[in-house]
Amino acid sequence: MVVKGRTLCQILLGCCAVVMLSSRVTAPSALQRFDQPRTVSYTADIVVNGRWLLPRDMFGHVATKPPLVNWMAVPVVAVGFWQEWAVKWPMVAGTLLTTALTVTIARNLFRQIPEIAIVADEAAFIAGAAWLVNPANMTMIYHCRPDPVLVLFLTAAWMFATAIICENEPNKINIGGFSIAIGLAALTKGPAALVPIIYLPLAAWIIRGRAGFIRRGHWWWVILVGIGIFSLWAVPTAIRYPAPFFKDLVGRELIGPTLGLDHQFGGKRYTGGPMVAFKLILQTPVWFVQRFLPWSIPSIGALCAIGWKRWFRHPLAPAILWIFLVLAFFALAVRKNADYILPAYPAAAILAAYFCATYLRRFRIRLWQVAALALVLALGLSVKHFRKTGKDRGGENLKLFACEVESRIDNEPVVFIGTGYNTLQFFLRRHQPGAPTAEQMAAAKWVIMPLRDDTPAELESSLVTKNQEMQFVLGLYRMENVRALIHPDAPPNFGGVRDHKLTRLYDDD
């Protein structure tokens, strides 16, 4: 019966992954939502213009994060796959590999707990399902942002750090793995790599009760190796692009949003100093409960069942400490976002699985039945996603227009004027950062811009996304027909064609 339950849980977890991924891939494109077009444009800039260190978006603005996820996507795009899945495969891989890590960590922890050791494998698959099947991951599994890749590296760093602290003789694999994981996390999203670095001494002190345990992990060497990996990108970038690196990345993207000092770097959004972080400090746990439903309920139930006096003496102490650290770390930053706390979900999933394996078993609810409920939840989330994305065809219309344009212009030069914040250039295998230059205008045979009513277009799009809240119609024009009517430094006269405002089609993605 144990073997049967384990097999069922494993199969049902695989079905959950298939359902969620296939529904996201086959649903109408949501690639125009939020910052995804910017991430896509960075990859295109690397492939087209060879700007590896600090790529630019469609407006010419430099990247606001290290480009590791773009580097991962570049080989696939460069061989000719200018498609949505090609820029999103790192996020799919990150989510699925994090699922595997969650199962592995959960199995190791559950085998140390006598009351559930016999069902440790089954409960571990429940932990994997809890991490994978929730509203947040329904979006992030196929969302072109660095967060899923970051979660993978942070979860790996947490696993290696726990091994360093808890095992009698930490081996070189754990030490080296921790160093590499924090270095790659820093190359993915910068400051978040500090979380496992903080976790290591806290775990030595709080869980093992001896701060000296940290020395077994060769603490300073571990940190130096991680910094060295990050420096392979940061140092040449600072030398090659000093102004954008220090003012934009370090100032506006790190110090300003973290400490509320945006005004020191020319920004106006995050001001008021560090104390502003306490204004919405409770928003982070609220997001945790909402975005991790329904698994946030049993994870909180596990904390209550264990009892706060035993939190850091229980075999699940590493998971409990990790959750609290992630939530506290991002709650104390001025800039807050529900996606930032995604690294807490693997540990929370382990707590939820523990609750299911202990408390729910008292009511004769078997773990494979919980896995079946996870599959039902995956189906429900998929249906909900289809209903949301089906209301907005702007992304699909843009892909179709790009395909028609590509077949018409072949490889002839084209410039983009006022085409908006979207992925049109990527699907045309081009990248023009900012307004076209005089040289580009002189060489261009075609121009794509908002539809005009004073000049006939060679091709006319359906309503496509201008940005996530607006739609408009684009036209493909022969440059010889419109050269005298346009100016590269200013948006063209739209000829009376108005933007079409979008209603709110999505909840927070």
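The values are calculated or read from the model by the stated rules, or taken from the named source; none is laboratory data. Note that this is a predicted model, so its numbers are computed, not measured. Every residue, glycine as well, gets a Cβ built from its backbone with ideal geometry; the counts of neighbours run over all protein chains shown. We work out accessible area using only protein heavy atoms, side chains counted, and drop any ligands, DNA or RNA first. Shrake-Rupley method; radii C 1.70, N 1.55, O 1.52, S 1.80 Å.
Worth pointing out:
- MRE, 222 nm, helices only [DSSP H, n ≥ 4, -39500 (n - 2.57), over the chain, to nearest 500]: -17000 deg cm²/dmol
- Axis angle, to the nearest 10 degrees, between helix 147-166 and the longest C-alpha principal axis of the chain: 20 degrees.
- Here the chain carries DSSP beta bridges of which approximately 80% are antiparallel, counting only pairs with both residues inside.
- With loop membership from DSSP and a limit of 14 other Cβ atoms within 10 Å, the longest segment of the chain without chymotrypsin sites (Phe, Trp or Tyr not before Pro) is 82-509.
- Inter-part distance where region 1-41 and region 364-442 are each reduced to a Cα centre, Å: 18 Å
- Between 0 and 90 degrees, the angle of helix 367-389 with respect to the longest Cα principal axis of the chain falls at about 20 degrees.
- C-alpha center-to-center spacing [region 456-487, region 71-102] in angstrom: 31 Å
- Estimated translational diffusion coefficient (Stokes-Einstein, Kirkwood radius over Cα pairs, 37 °C, 0.692 mPa s) of region 60-117: 231 µm² per second.
- Sites matching GluC sites (Glu not before Pro) across region 425-476 that sit in DSSP coil, with at most 13 neighbouring C-beta atoms within 10 Å: GLU469
- With distances taken between every two different alpha-carbon atoms, region 309-384 has a Kirkwood hydrodynamic radius of 14.6 Å.
- Percentage relative contact order, region 295-372, counting C-alpha pairs under 8 Å, at least six apart: 42 percent
- With N the number of residues in region 363-413, Rg(Cα) / (2.2 N^0.38 Å) evaluates to 2.15.
- Residue (of LEU474, ALA444, TYR340) at the positive-pole extreme of the chain, dipole from beta-carbon charges: TYR340
- Each listed q (0.15, 0.20, 0.24, 0.25 Å⁻¹) maps to a log10 I(q)/I(0) for region 69-170, found by the Debye formula over equal Cα scatterers with no solvent: -0.70, -0.98, -1.18, -1.23.
- Given LYS189/LYS384; LYS247/LYS336; LYS189/LYS336; LYS88/LYS189; LYS88/LYS399; LYS399/LYS466, the pairs whose alpha carbons are separated by over 24 Å: LYS189/LYS384
- Residues whose amide H comes within less than 5 Å of that of LEU474, counting only those at least five positions distant or on another chain, are LEU451, SER461, VAL464 (H built at 1.01 Å from N in the peptide plane).
- The candidates ASP454, ASP392, ASP248, arranged from most to least accessible area with a 1.4 Å probe in the full protein assembly, appear as ASP454, ASP248, ASP392.
- The chain: relative contact order as a whole-number percent, Cα under 8 Å and 6+ apart: 19 percent
- Ligands, DNA and RNA are left out, and with a 1.4 angstrom probe the accessible area of the chain is 44 Å² per residue.
- Carbon plus sulfur fraction of accessible area for the chain, probe 1.4 Å, in percent: 62 percent
- Dipole magnitude of the chain about its Cα centre (Cβ charges: Lys, Arg +1; Asp, Glu -1), debye to nearest 20: 1800 debye
- Its alpha carbons considered, the chain gives a radius of gyration followed by a Dmax of 24.8, 80 Å.
- Reciprocal mean inverse distance between Cα atoms of region 355-465 - Kirkwood radius, Å: 18.0 Å
- Computed on region 43-191, with alpha-carbon pairs under 8 angstrom and 6+ residues apart, the relative contact order is 24 percent.
- Between the helical axis of 219-240 and the longest alpha-carbon principal axis of the chain there is an angle of about 0 degrees.
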